[in-house]
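Shown next, in structure tokens, is the structure this report addresses.
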Ligand code: RP5
């Protein structure tokens, strides 16, 4: 069975990471979610990734703050795509986790999203866009979602817009 695996570095990350899980849920996308840290529980992280990979995880989403090595470490244990969510859990406002998630060496990619909640939601969308390559039902749901968003912009604008001519 195919599923998306979400891993976060700490319980304190859940408030933001649940936005990712909720987005996948909204589209009926199967996911697992666990806490495991690249630094505090490296053995658990390695074992979980290898096991989830075998059980059908087709995309890994890694969310971490501070010196955020979680996504990169996960990428070292799997060939499945890894999506990183840098979190704003430090006095550096997430710039530290953004750079440590994003700046991977050559030949070890991590698709890094924006910091915090927008990144958590985008991670789910990015994962679903990959899955929709061979899932017509999911693709149709994503197309419908785009249509709704476009209509909303037009409606919002029509309430306030002023045009010359
Ligand atoms: C990272 O350190 C976690 O991903 C979290 O964002 C940050 C702080 O963790 P806690 O000290 O709140 O557990 O590993």
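What follows draws every value from the coordinates through simple rules; no lab data is involved. Predicted, not measured: the structure shown is a model, and the values here were computed from it. Positions of Cβ are generated from backbone atoms using ideal geometry, with glycine treated the same way; all protein chains shown enter the neighbour counts.
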Would you mind ranking 53, 134 by Cβ crowding within 10 Å, fewest neighbours first?
134, 53
Take the alpha-carbon centre of region 90-105, take the same for region 1-26, and report the distance between them in whole Å.
19
Taking R0 as 41 Å, what FRET efficiency do you get between residue 76 and residue 165 from their Cβ-Cβ distance, rounded to the nearest 0.05?
0.10
Mean residue ellipticity (222 nm) of the chain, computed from DSSP H runs ≥ 4 via -39,500 (n - 2.57), nearest 500
-16000 deg cm²/dmol
Indicate the gyration tensor shape class of region 85-159 (rounded, prolate or oblate), computed on the Cα atoms with a ≥ b ≥ c the square roots of the eigenvalues: a/c under 1.5 is rounded; otherwise a/b larger than b/c is prolate and the rest oblate.
oblate
